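The values are calculated or read from the model by the stated rules, or taken from the named source; none is laboratory data. From a predicted model like this one, the values you see are computed outputs, not experimental measurements. Note: ideal-geometry Cβ built from the backbone for every residue, glycine included; neighbour counts use all protein chains shown.
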Amino acid sequence: MRLVTSLVLLSALCGCDGTSEDDVTVGADEESNSSDSATTDTDDADTDDSDTDDSDTDDSDTDDTDDSGIDDETDSGEIEEDPKDYEFEELDGIAVVEFEEFYESVTDPKGEDYHTWYVFNPDDEPTVSCTTNVACNEVAPPNCNEYANCDDDSWDFENVSGGYVESLPNRRRNDDERKTGFCVRNDPNDTPVLRYRVNFTNADRYYVWVRCQARGPADNGIHVGIDGTWPENELIDQSGMRLQLPNGEKWTQNRRGNSQHTGVSAGNGVSRRDANVWLEVETPGVHLIQFGMREDGVACDKFVLVS
């Protein structure tokens, strides 16, 4: 089995994008929230009586109508292929993980033709197949895609550490395209999932930082979970552990809260990092860290868990 340790931290965090370790850890408890660099998601925003920002509310986030018959409480996708021999190791409270080196990939519970996490490497770029030039208001999904291609962009391999993953096809590229329950998955049990084996020496709370590429409010959301569960942050502005990604190739820990959609501010005795995305590792040993597609078209390079 391949073990990857946190001894690669310097190269992982100080490499291709010029991001240093300090950028990831320092300032995590700041009272202010740097949401000015984040992408405001207006089309699939949460609706709540406490949310008075009319520009950031829409009923599409609560419209999870699904005709597939999938039980929302279970992960009913199937493993796409045999699990891989990747296992990452936490040392001194830090684990660094490459997104493309997952342990297993779980298919979309709606069906393989809906969405898949694809792996892109310099020497092995996949072929993505999908319907093109057919509007989704004319033909039922997944046999629709109003665009002429399945993926409208790519990530320069010089700017990633090896490879990256992306949720495709990217059928929703503008915020005014609703497609909730199809291209926007607010239920993490109803989405394709990537799982990662991480061997923890220490039981602790681990703060989740990801380096992804978001290209706008239609391609900027992923779910985070552990050991088959999708926990919620109940400390402040309660919601699931849903990362909301800023535009560009950046590190972030921002959570999409119930009312604050581009990162939750500190308050009521809760620190900035505790207000956003973290996971509780209750026992030492191997745990499965998992990421689910919330919006199609999201591309991710690596993630770091820091206690």
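The set of residues from segment 210-221 being at pLDDT 95 or above and surrounded by fewer than 24 Cβ atoms within 10 Å (Cβ to Cβ) comprises just one member, V210. Residues in segment 170-215 that are in a strand (DSSP E or B), within 19 Å of R255 (Cβ to Cβ) and among the basic types (K, R): R205, R211.
Restricting to segment 130-177, what's the tally of residues that are of a type outside the set (A, V, I, L, M, F, W, C), within 22 Å of G111 (Cα to Cα), crowded, with 18+ Cβ neighbours inside 10 Å and within 19 Å of the chain's Cα centre (by Cα)? Qualifying residue count, segment 130-177: 7.
For first residues located in segment 81-103 and without any contact (Cβ under 8 Å) to a residue 40 or more places away in the chain, partners that are assigned to a strand (DSSP E or B) and surrounded by fewer than 20 Cβ atoms within 10 Å (Cβ to Cβ) and lie 6+ apart or on another chain with Cβ distances below 6 Å form the pairs P83/E104. Taking T252, is it more than 15 Å from F99 (Cβ to Cβ), touching a strand residue (DSSP E or B) at 6+ places or on another chain (Cβ under 6 Å) and crowded, with 24+ Cβ neighbours inside 10 Å? No. Residues that are among the β-branched types (V, I, T), at negative phi and free of Cβ contacts under 8 Å to residues at least 60 places away in the same chain are absent from segment 160-180 altogether.
Taken over segment 252-280, the residue count meeting the criterion of being outside any loop (DSSP other than H, G, I, E, B), closer than 26 Å to V198 by Cα and over 17 Å from the mean Cα position of the chain (by Cα) is 1. For segment 285-307, the criterion of being farther than 30 Å from E78 by Cβ and out of contact with any strand residue (DSSP E or B) (no Cβ under 9 Å at 6 or more places or on another chain) is met by no residue. Of everything in segment 232-251 that is part of a loop (DSSP other than H, G, I, E, B), touching a residue at least 24 places away in the same chain (Cβ under 8 Å) and of a type outside the set (V, I, T), the residue that is farthest from D219 (Cα to Cα) is L235. Scanning segment 145-169 for residues that are assigned to a loop (DSSP other than H, G, I, E, B) and aliphatic (A, V, I, L, M) turns up A148, V160. Please find, within segment 115-129, the residue that is surrounded by the fewest Cβ atoms within 10 Å (Cβ to Cβ) out of those that are among the hydroxyl-bearing types (S, T, Y) and at pLDDT below 95. Step by step, filter segment 115-129, then rank; the result is T127.
Within segment 281-294, is even one residue among the aromatic types (F, W, Y) and in a loop (DSSP other than H, G, I, E, B)?
No, every residue in segment 281-294 fails to be among the aromatic types (F, W, Y) and in a loop (DSSP other than H, G, I, E, B).
Only a single item in (1) buried (at least 21 other Cβ atoms within 10 Å of the Cβ); (2) more than 16 Å from F102 (Cα to Cα) is not met by N202, and it is number (1). Filtered by the rule that a residue be more than 17 Å from L305 (Cα to Cα), modelled with pLDDT of 95 or more and charged (D, E, K, R), segment 233-264 gives E234, D237, R256.
Residues of segment 103-144 being charged (D, E, K, R) and either in a strand (DSSP E or B) or touching a strand residue (DSSP E or B) at 6+ places or on another chain (Cβ under 6 Å) (or both), which ones?
Correct list: E104, D124.
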